[in-house]
Amino acid sequence: MAKLISLCLKLVILCRIADAVFEDQVGKFDWRQQYVGKVRFAHYDMHAQSSKKVLLATEKNVFASLNTRTGELHWRHVDKTGPEGNIDALLLHGQDAVLIVGNGRLLRSWEIHVGGLNWEVVLDSGSFQSACFVGQQDSVRYVAVLKKAAISLHYLSNGHQKWLENLPESETVLYQAIYSGGDGEVYVLGIVPHSHLAIVAYSIEDGEITKQVSVEAPWLSNIQASCAVVGQGTLMCVDPATVSLYMLDLQAQAQMTQVPLQSLGLEVSPGFHPVLVSTQPNPARPPLSEFFLQVGPDHHLLLQLNNGQLVTLRDFQPALLVSFATTGEKTVTAVMTPRNKTACSLNLFSADSGRRLLDTTLIFTMDPNGGRPEKLYVQAFLKKDDSVGYRVIVQTEDHTLTFIQQPGRVMWTREEALSDVVTMEMVDLPLTGTQAELEGEFGKKTDGLLSMVLKRLSSQLILLQAWVAHLWKLFYDARKPHSQVKNEVSIENLSRDEFNLQKMMVMVTASGKLFGIDSKTGTILWRHYLDNVPSNAVFKLMVQRTTAHFPHPPQCTLLIKDKDTGLATLHVFNPIFGKKSHITPPALPQPILQSLMLPLNDQDYAKVLLLIDNQYKVSAFPSTKNVLQQLQEMASSIFFYLIDSSQGRLSGYRLRTDLSTELIWEVVVPTEVQRIVSVKGKRPNEHVHSQGRVMGDRSVLYKYLNPNLLAVVTESTDLHQERSFVGILLIDGVTGRIIHEAVQRKARGPVHLVHSENWVVYEYWSTKSRRNEFSVLELYEGMELYNSTVFSSLDRPHPPQVLQQSYIFPSSISTLEATLTEKGITSRHLLVGLPSGAILSLPKMFLDPRRPEIVSEQSREENLIPYAPEMPIRTEWFINYNQTVSRVQGIYTAPSGLESTCLVVAYGLDIYQTRVYPSKQFDVLKDDYDYMLISSVLFALFFATMISKRLAEVKLLNRAWR
Amino acid sequence: MSHRERAASAWFVVQAMLAVAFCFSDTDTGPSAGLSTQTNGDRFKIEGRAIVPGVKTQDWVWTARVLVEGEEYVGFLRTDGGFAVNDVPPGSYVVEIVTPAYKFEPVRVDITSKGKMRARLVNYIKTSEVIRQPYPLQVRSTGPHTYFMKRETWGWTDFLMNPMVMMMVLPLLIIVLLPKVVNTNDPEMRKEMEQSMNMLNPNPELPDVSEFMTKLFSGSKGSSKPGGSSKGTRPAVKRR
C-alpha cells in the first residue's frame, strides 16, 4: 500500500514538473539546420530527366540525398563515426547507389528514391583499393571490388557474390586500380614499385584469368594518382620526372609508348605533379578518348587520343577547375576560369571538339570571407532545343556548397563547415539608439530634478515616436500581399529585444570558419574563413568585451592552438559583425599551456586574458600599463592550474607581481593505474540564488559553494570489466586540497560530467550490469555557514558533507549539460543528448541524493521524490520533439533576460536552437494566454454591473411607489 | 549510498546469474543453423525486422536506424523493414530501432562466443532476468511518439461542470425561483417560511460577515451593537 501511495505521489510530481512543448509551439521559438559534412563524393541522379536529387557521401560518414532546387535534405543516413563508417566509394547506377564502407568491409546498395537499403553484404577482410561497375552488352549487372589481395564480383540486384578470386603474387604486387570497358573482362592493375606494372584480366563469367601481363614501368609509383584509362582500353600514365605521357593498350600491347610532353609543345609547372582526368559515362562501355591533363595549378589541357595519336583539342589557361558531365549521348566539359579577385566564370565546352558552347557562361562570385573553389560537380541536361544546359555545385575550401543555375543565379548555399562546430558563445545584441538613450537615463544620477524630468519626457517622446513608426510600418505592410512581407534579418537592423531572447551565436568550426548566426531565425549573418588554421587545431573562444560598453565595440578572442606543437595564435574580432579587430594580438612564440580570463577590465572595459607558456611565463592581453598595474596589485590572489594528462599531474600555480609564477601544489595521479580524462570547473557566469536548502523541519542545510572547485575524472588504464573503474576527484583549485574522492568500481567511460552550484552529476557505463548509470554528488557545509559573507578557499577549516546517490539511466548518452538562468532562481534541468538525436530535459530533482527510500512527513514537506533506481525517459521531455539532432557534440546554454527562460543550442551534425523554461514561464504571460477570454469576461462583468444597477434602481423606485 | 550497498550485496547473485546467462544452452533457438556461414572471425550479425502496423515501409524506413548499445554499432533498415547489424563481437547488447516518428521497445540480444543468439526483454534493474523474445528479432512499433502536451482548452461545459460553479449556481436558482413557485401572499405559507428561516438562522443576534468585515477595518472599538446592525442589513426579512 505504501508503495502504491509513493507511486501515486511520484506520478503527481511527474505530472506537475513535466514541461513539454505544445504542438502549436512547433517552430515558434526553435529551429534546426541539418548538415552532412564535407562532401567527398557527389553524383546527380540521372535516372530521370526531371530528377531533383543529388547524392552526397561525406567525410562525416554520412550518405544523403539533397533536393537540388532547395538544397534541403530528402533523406540522410548517418553511419558510425571513425574508420568503421568511412565511405570509401560511391557508385551510382539508375536507382541504386552502391557504397563501400569501412575500408572495404561492407558493400551496401541503397534505393535512392525511398532512401532504404536494398541489400548489405559483408566483404572479406583486406584493405580496399578500388571498385567499379561491370557491364556487359550495354547493361550494368555487377559491381567489382578490388581489395589488397582479392577481387570479388557481386550482382547489383542482390549483392550476392558471383565469384571471388585471389590475386596472383599479391605479396609483391600492389594492386591499385580496376577497369572494365564492358567487353566481358575486368582488368586489375597493380605495380611493383620501381619495377613493373602488372595487368591481370579476369573473365566476368567465371573469374578465370584470361590474360596476365607485366609491363616495364620503373618510374611508376601510384596508378591512382598518375594514370587513367581512356578510349578503347588504353592506359595513359604521366611521369613527372621525364615529363612525358606513357600509353599502353591493355588488350594488345606489352610495351609502353612514351610521348614526351614537349613533342606536344607543353611544359609542366615546376614542382607540380601532372594529373589525368578521364570520363566513362556508361560503365558498360569504354571511356571516352578525350581526357584532361593538368600541367599546372591553373593550366589544363583537353587532349584526345585518336588512333594512337594525341591531339590537343584545347588549352585552358588559366583554368582553376575542370569537370566532365554527360547527358544522353553528349559529354561536355565545364571549365572554371578566374575573372578577377572575387569572381570566376564557368563555361561549357564540347568534349569531342573542344568548341565553346554558346550562352553557357555562368558567373560564380567568390565570398571574400570564404575559401577558394575546390571541386565542381556539374549536372548537364538537354534543353528543349537539344542544346546542353547545366547547373553546378561549387565546393570551396571552407566546405561550402554553392548551387548555381544559369545565368549565375545562386539557388542555394550550404555551409557544411557547420556540421563540425567545435565551440560557441552567445553574445548579446547591441542596443538600438532609442534603447541606449533610455538606458543612459539611469546611468547618471548627478543631474537635478528638473533636468531628469525633462530627460524622462524626451525619452518617452522618442519611445512614442518609435511606436508610431512601428504602427505605421505594420499598417503599411498589412496592405502588401503576404508573400512580399519578409522580415529579413540583417546586421543593420539587429537589435536587442526587450527580454534579450535574441542573441548572436558565434560558432567556431573545425575547418576554421567562423559564423555569426541570429539565434531567433538561424540566419547566418556573417562568416569568416581563417585559412591558416592547422588541421589538428583546438579552439577556445572567449568574450573579452560584451556589447554593454558602448561606444567600445564588443570583442571576442579566439585562441587557435596547434595540438602537436602547442603553438597558438589569437584572432580578435567583433562578434556582431564578424570583422577582424584592428587590435593586433600579441605574437606567441612559445607553446601555450593555459589561458584564463580574469575578472579585471582594462580602461576600455575589455577583460584581461592571461596566457601561460611552457616556460611558465605569463603574458596578458591586452597588456597596457593600466592592466599591468592592476595585475601587480591583484597578483597575490590570482591562481591557476595546469593539467598534464600524459604524466597524470595536476599542478597549481600562483602569479607573482613580476608576472612569473610559483608552483604551490601538485597532485599526481599515477598513470600506470589511471589517467585523467577531463577536468571541469564551474561556469564563471553562473549565479546561485539560494545559499541553502530548507529542510522539512525548517532548518537550513547550507550549500558548499566553492567557486574554485574542480572536478577531475579519471579512468583506469586496466579495461578488464572486473577491474576497470572510474574515479572522481574534487580538488580545490587554489589550495590543491582534495575535498572528496569517489570511485565507481566496475565502471568505465566515456564519462560525461556536469559541475555546477554545489553538485556534480556524472554518467558512466557500468560493466557489471551493462547499463548506463548516473551518479550525483552534492556538497553541503552543514547546518551553519562558516563565513557567510565571503568564500575563501584558504580559510575553510571544515570539510563539506558529501551526499551521493546513483541511478540507472535506460539509454546511453552523447552529451550532458545543465540549464543556466540569469539569477539562478529557476530550478535546474539537465539537458541530455541521446544517441537517437533527442535532447532530454531531465529535472535536477530526479538527481538529488536526498531522495528518500522511505517517504516520511519531512521528505514530503521538502518535495523530495521517493528514490527509484531507474530514471524515467519520457518523450514529452524531449525539448526538440521530432527534430532530432544527429551526433550531438555539445549543448550550449545561455541565460536570457527573463529569469524563467534559458536559451539552448545543441550542435553536432545538426544545429538546433530552442528555449527551455525549467520552472515554466512564471515571469511572463504564456504565449497561449487567452486575452479574448479575459477581456470578454471583464466586459461581461462590466455590462452586468451596469444592467443590474439600472434594474435595482427601477425596483427601488417601484417599491417607493407602492 | 544505501543503494550502492544493496547493489553490492546483490552482486554475487547477479554474477552467478550472469554466468548462467552467458553459457545458456537452448534447443529451441533456430539461428545457430545458419550461423556457420555468417561468422567472420569472431564477429556476428544481429538480424531482425521492424514493423509499424498500418504504415507503408517506404514512408518511414529512411528515417530509421538500428542502434546497438548506443551508437557502438549501427545498422540501417532495408526497404522491406528488415535489418542486419554486421560485425558485432560476442556479448550482450541492447538493440534499439530509432526513428523520430515511431516508438519501438528495445531488445537485449546476447551473443555467445560460439555465435548463439537469443533475444530477451530489456530489464535494467534485474539485468539477468530472461523473458524471451523471438530471434531473428521481430520489433513491432507501439505507436507514434507523444512529444506534445495537450493545451488546456477552455469551454463552457468545463466552466459549468466545475464543482465550485455548481455550488454557486444551485443556491442562486433556489433563491430566484423559490419565491416564484411558492405563493408568498398566503399567510400560512409566510408563517411556515418564517419558522424555517428561524431554524436556518437559530441565533439572529449572531454577527454576519459584512459586519465582521466592517469591524475588522474600522477597528475593534467602533462596533459594539451587533443586534442593531444585523437588523439594518436585513430589512426585507424583518418587514415580512
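The values are calculated or read from the model by the stated rules, or taken from the named source; none is laboratory data. Treat the numbers as computed from the prediction; the structure is a model and nothing was measured. All Cβ positions, even for glycine, are placed from backbone atoms using ideal geometry, and neighbour counts span all protein chains on display.
Key figures
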{"item": "Strands (runs of 3 or more DSSP E) lying entirely in the range A:589-699 (those with 1 or more residues that are charged (D, E, K, R))", "result": "A:607-613, A:639-644, A:649-655, A:661-668, A:674-680, A:692-694"}
{"item": "Matching residues in the range B:59-68 - criterion: being more than 7 Å from chain A (Cβ to nearest Cβ) and assigned to a helix (DSSP H, G or I)", "result": "B:Asp59, B:Thr63"}
{"item": "Any hit, the range B:105-119, residues being in a loop (DSSP other than H, G, I, E, B), at pLDDT below 90 and surrounded by 20 or more Cβ atoms within 10 Å (Cβ to Cβ)", "result": "no"}
{"item": "Among the candidates A:Gly824, A:Gly837, residue that is more than 30 Å from B:Glu105 (Cβ to Cβ), out of contact with any strand residue (DSSP E or B) (no Cβ under 6 Å at 6 or more places or on another chain) and not in a strand (DSSP E or B)", "result": "A:Gly824"}
{"item": "In the range A:235-275, the residues that are under 28 Å from A:Gln212 (Cβ atoms), in contact with a Ser or Thr (Cβ under 8 Å, 6 or more places away or on another chain) and surrounded by 15 or more Cβ atoms within 10 Å (Cβ to Cβ)", "result": "A:Met236, A:Cys237, A:Val238, A:Asp239, A:Tyr246, A:Met247, A:Leu248, A:Asp249, A:Leu250, A:Val259"}
{"item": "Residues within the range A:39-79 that are away from chain B (no Cβ under 14 Å), surrounded by 21 or more Cβ atoms within 10 Å (Cβ to Cβ) and over 26 Å from A:Asn282 (Cα atoms), tallied", "result": "0"}
{"item": "Enumeration of residues in the range B:110-128 that are more than 12 Å from every other protein chain (Cβ to nearest Cβ) and closer than 21 Å to A:Asn772 by Cα", "result": "B:Ile111, B:Ala119, B:Arg120, B:Leu121"}
{"item": "Residue match in the range B:79-97 (condition: assigned to a loop (DSSP other than H, G, I, E, B), over 25 Å from A:Pro810 (Cβ atoms) and facing chain A (nearest Cβ under 9 Å))", "result": "yes"}
{"item": "In the range A:662-701, the residues that are of a type in the set (Lys, Arg) and closer than 19 Å to A:Ala742 by Cα", "result": "A:Arg675, A:Lys680, A:Lys682"}
{"item": "Residues located in the range A:335-365, provided they are surrounded by fewer than 18 Cβ atoms within 10 Å (Cβ to Cβ), touching a Lys or Arg at 6+ places or on another chain (Cβ under 9 Å) and of a type in the set (A, V, I, L, M)", "result": "A:Ile363"}
{"item": "Number of the condition not met by B:Glu71 [criteria: (1) at the interface with chain A (Cβ under 7 Å from one of its Cβ atoms); (2) modelled with pLDDT under 90; (3) in contact with a strand residue (DSSP E or B) (Cβ under 8 Å, 6 or more places away or on another chain)]", "result": "(3)"}
{"item": "Search result, residues across the range A:825-857 that are within 12 Å of chain B (Cβ to nearest Cβ) and of a type in the set (D, E, K, R)", "result": "A:Arg850, A:Arg851, A:Glu853"}
{"item": "Output for the range A:114-142, where each listed residue is within 10 Å of chain B (Cβ to nearest Cβ) and of a type in the set (A, V, I, L, M)", "result": "A:Val114, A:Leu117, A:Val121, A:Val122, A:Leu123"}
{"item": "Output for the range A:741-763, where each listed residue is more than 13 Å from chain B (Cβ to nearest Cβ), closer than 23 Å to A:Met845 by Cα and part of a strand (DSSP E or B)", "result": "A:Val751, A:Leu753, A:Val754, A:His755, A:Ser756, A:Trp759, A:Val760, A:Val761, A:Tyr762"}
{"item": "Filter result (charged (D, E, K, R) and either under 21 Å from A:Thr546 (Cβ atoms) or buried (at least 16 other Cβ atoms within 10 Å of the Cβ) (or both)) within the range A:592-633", "result": "A:Asp602, A:Asp604, A:Lys607, A:Asp613"}
{"item": "Residues of the range A:85-113 that turn out to be within 11 Å of chain B (Cβ to nearest Cβ) and either crowded, with 19+ Cβ neighbours inside 10 Å or assigned to a strand (DSSP E or B) (or both), as a count", "result": "12"}
{"item": "Within the range A:281-323, considering residues that are in a strand (DSSP E or B) and among the polar types (S, T, N, Q), the one nearest to the chain's Cα centre (by Cα)", "result": "A:Ser323"}
{"item": "Residues of the range A:278-316 classified as touching a Pro at 6+ places or on another chain (Cβ under 8 Å) and charged (D, E, K, R), total", "result": "1"}
{"item": "Residue tally, condition in contact with an Asp or Glu (Cβ under 7 Å, 6 or more places away or on another chain) and of a type in the set (Asp, Glu), over the range A:898-928", "result": "2"}
{"item": "Filtered residues of the range A:765-813 (kept if of a type in the set (Gly, Ala, Ser), assigned to a loop (DSSP other than H, G, I, E, B) and within 8 Å of chain B (Cβ to nearest Cβ))", "result": "A:Ser769, A:Ser811, A:Ser812"}
{"item": "Qualifying positions in the range A:543-578 - in contact (Cβ under 8 Å) with a residue 40 or more places away in the chain and either surrounded by fewer than 19 Cβ atoms within 10 Å (Cβ to Cβ) or assigned to a loop (DSSP other than H, G, I, E, B) (or both)", "result": "A:Thr546, A:Thr547, A:Ala548, A:His549, A:Phe550, A:His552, A:Pro554, A:Gly566, A:Pro575, A:Ile576, A:Phe577, A:Gly578"}
{"item": "Some residue of the range A:832-849 being more than 30 Å from A:Ser636 (Cα to Cα), surrounded by fewer than 16 Cβ atoms within 10 Å (Cβ to Cβ) and not aliphatic (A, V, I, L, M)", "result": "no"}
{"item": "Selection within the range A:835-857 - β-branched (Val, Ile, Thr) and closer than 20 Å to A:Thr819 by Cβ", "result": "A:Ile839"}
